[in-house]
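None of the figures in this text is laboratory data; all of them are computed from the coordinates on show. Just so it is clear, the model here is predicted, and its values are computed rather than measured. Here the Cβ is made from the backbone with ideal geometry for all residues, glycine too, and neighbour counts use every protein chain on show.
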Ligand code: SF4
Ligand code: SF4
């Protein structure tokens with residue numbers, strides 16, 4: 001379980017600071033989330049899109065108190081987000097690898 005990530009926001013890279021990219025939403029799809037989410041009271045399984053993503057893959061809860069605290073804690077990075085023009089492919093692979101690496105042993 002990955003316990004830190006950001007929402008799909010509507011910002012683009014500026015000032016050399018990585019920003020969450022429109023249309024990616026890898027952080028809201030690839031990881032599992034243990035916190036309750038409105039519409040997903042048991043949290044979110046890995047690889048399942050959050051029900052709070054809108055049609056543009058933006059968080060419908062952004063800025064609202066119902067948004068899980070964990071959703072704001074992982075910051076965009078070039079390592080995670082990857083190339084701006086790959087449609088989020090790198091990010092989904094990166095986050096799925098991280099998800100597998102952080103799953104508790106059974
Ligand atoms: S609540 Fe928002 S930020 Fe959190 S996983 Fe769902 S869509 Fe993403
Ligand atoms: S991987 Fe990066 S661009 Fe994609 S949703 Fe997460 S922070 Fe945003």
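Structure notes:
- Once the gyration tensor of the Cα atoms in the range 43-106 is diagonalised, the equivalent ellipsoid follows with semi-axes of 20, 18, 12 Å, ordered largest first.
- Sorted ascending by nearby beta carbons within 10 Å, beginning with the fewest, 95, 53 become 53, 95.
- Likely footprinting exposure, 21, 67, fewest C-beta neighbours within 10 Å first: 67, 21
- Our estimate of slack between residue 62 and residue 48, defined as 0.36 nm per intervening residue step minus the Cα-Cα distance, is 3.2 nm.
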